[in-house]
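Here the structure is laid out as structure tokens; the discussion comes afterwards.
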Amino acid sequence: MMHGNVIWRGELLENIKDHNADVAVIEAGLSGLSAAKILHERGLNAIVLEARDRVGGRTYTLRNEDVTYVDLGGSYVGPTQNRILRLADEFGIQTFLTQDTEDLIFHSKGRSKKITGAVPPVSGLLATLDVNNLFREIDEMGEEIPVDAPWDAPHAEEWDKMTVKEFFNQTIWTKGAWKLGEQTVNVCVTSESHEVSLLWFLWYLRQCGGSNRILSTDNGGQCRHVILAVPLPLQTRLTFDPPLPSLRNQLIQRVPMGSVIKTFVYYDRPFWQEKGHSGTAIIEDEEALVEFTFADTKPDSTKPAIMGLILAGRAKTCVALTKEERRDRICKLYARVFDTDQALKWVHYEELNWLAEQWSGGCYSAMMPPGFLTTFGRELRKPVGRIHFAGTETATEWSGYMEGAVQAGERAAREILFERGEINQSEIWKEEPENKVIVILFHI
Ligand SMILES: Cc1cc2nc3c(=O)[nH]c(=O)nc-3n(C[C@H](O)[C@H](O)[C@H](O)COP(=O)(O)OP(=O)(O)OC[C@H]3O[C@@H](n4cnc5c(N)ncnc54)[C@H](O)[C@@H]3O)c2cc1C
């Protein structure tokens, strides 16, 4: 890490006492590292405690001869994600446009067709009106929800008692809109509609800019403050002394992580381009493992690959398969979607099953079930003594994303700077100037 102060598991007990740190930051994901960076820049001694033997958490770049490099976790950024773009600029990290949203494949009922735009078409006037109505309702309801306090929305209690599935039952009339609604929940929050709170789902889309945007411990050392940014459900593994207050203690027991396996099939040539496709496909097929693909060829045109996401319930089911069985089923699926046997001729396969990751528990983020936000939401960012909470799940913009991790980490660091009298309270929630770099058109 750039400031030299990461302590890995095992080293922890021996080394932490020697650091005489001002702040212990627990986790070296983007949130913890962003917090440590701000504190370091203000001259504070921050140590970062990390359970894994690497930094990055839910972001992970694998490097080997077969793939050169590939992001098996978070990777796509887009407009309005200004903090992560600022950090990419600062560290000289190059970004590139990954694909063209004007040229997608929509695969349904065994047939593939070319479409434009991020939302797949539904057949029939009724279904089209139904889809328009669904997303208009979602955005209008979202407008009512304060991004920093969703539990204060006028309908917070009512919506937080409902699942998204119950809302779909009341709102959707056609099968086409149902499928699209379900797929939107799968792709956006790696969960099923019967699992998640309506209030939380509406808030999630709103804090990302609306449906259109989202689719197109000190352990006895002398640490004076702690920033805890470990994924919420994994905080139940920590021992707090003194114990956490009641609601915080229960909060961390009620937020399961989403389910996703990110897969990459490599080919000797980009056959999809030869057929005039960008490599992006939305797949609506009950039997399909993958629901969503992107081309992942490198910017210099090497290592042609298709990235595919196995999401929510499908991810939970297919962990029973071997890696090779998943690869073969995915290749057969791509042969149907891209309408060519070339898709069967894979040269390499990579995947990361985030459900099995001990220090993540799942991905992309924690999901909030009915009743959570109105009962526990106010506790999400409330410091407990000298413990301040970060992590993408505590963000108010792009929560669940890398941008949210940075916002949360920087905010927690500023809470500590405020407590130390180094900044005013009004500076804790700093506005981020717009970053005009357009990196990618489509993100999830
Ligand atoms: C497959 C996948 C695709 C994604 N796609 C995108 C995308 O395209 N765009 C986007 O913006 N975001 C994406 N995300 C989400 C994004 O990666 C996360 O929101 C973000 O990285 C979270 O950062 P964080 O620091 O809050 O948490 P994490 O990255 O989870 O960091 C938490 C850290 O805590 C450590 N830890 C856990 N327990 C302990 C402990 N007891 N003691 C010490 N350390 C501990 C973990 O090892 C980890 O390093 C994706 C995630 C996944 C998995």
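The values are calculated or read from the model by the stated rules, or taken from the named source; none is laboratory data. Not measured: the values here are computed from a predicted model. Please note: Cβ atoms are built from the backbone with ideal geometry, for glycine as well, and neighbour counts cover all protein chains shown. SASA here: full protein model, heavy atoms, side chains in, ligands and nucleic acids out. Shrake-Rupley method; radii C 1.70, N 1.55, O 1.52, S 1.80 Å.
Select, from 350, 274, the only residue that is among the charged types (D, E, K, R), over 30 Å from residue 200 (Cβ atoms) and within 20 Å of the chain's Cα centre (by Cα).
Working: 274 fails: within 20 Å of the chain's Cα centre (by Cα).
Answer to the check: 350.
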(message) Looking at (1) part of a loop (DSSP other than H, G, I, E, B); (2) among the β-branched types (Val, Ile, Thr); (3) modelled with pLDDT of 95 or more, which one does residue 306 not meet, given that it meets all the others?
(response) (1)
(message) Please go through (1) open to solvent by 60 Å² or more (accessible area, probe 1.4 Å); (2) at pLDDT below 95; (3) not polar (S, T, N, Q) for residue 245 and return the number of the only condition it doesn't satisfy.
(response) (2)
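Among the residues of segment 65-81, how many are open to solvent by 20 Å² or more (accessible area, probe 1.4 Å) and farther than 30 Å from residue 285 by Cβ? Before you say what the answer is, go through the steps one by one.
Start the filter on segment 65-81 by keeping residues that are open to solvent by 20 Å² or more (accessible area, probe 1.4 Å), which leaves 65-66, 68-69, 71, 74-76, 79-80.
Keeping just the survivors that are farther than 30 Å from residue 285 by Cβ gives 65, 68-69, 79-80.
Matching residues across segment 65-81 total 5.
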(message) Please go through segment 53-100 and give me each residue that is touching a Phe, Trp or Tyr at 6+ places or on another chain (Cβ under 6 Å) and either away from the ligand (no atom under 15 Å from the Cβ) or part of a helix (DSSP H, G or I) (or both), ordered by number.
(response) 63
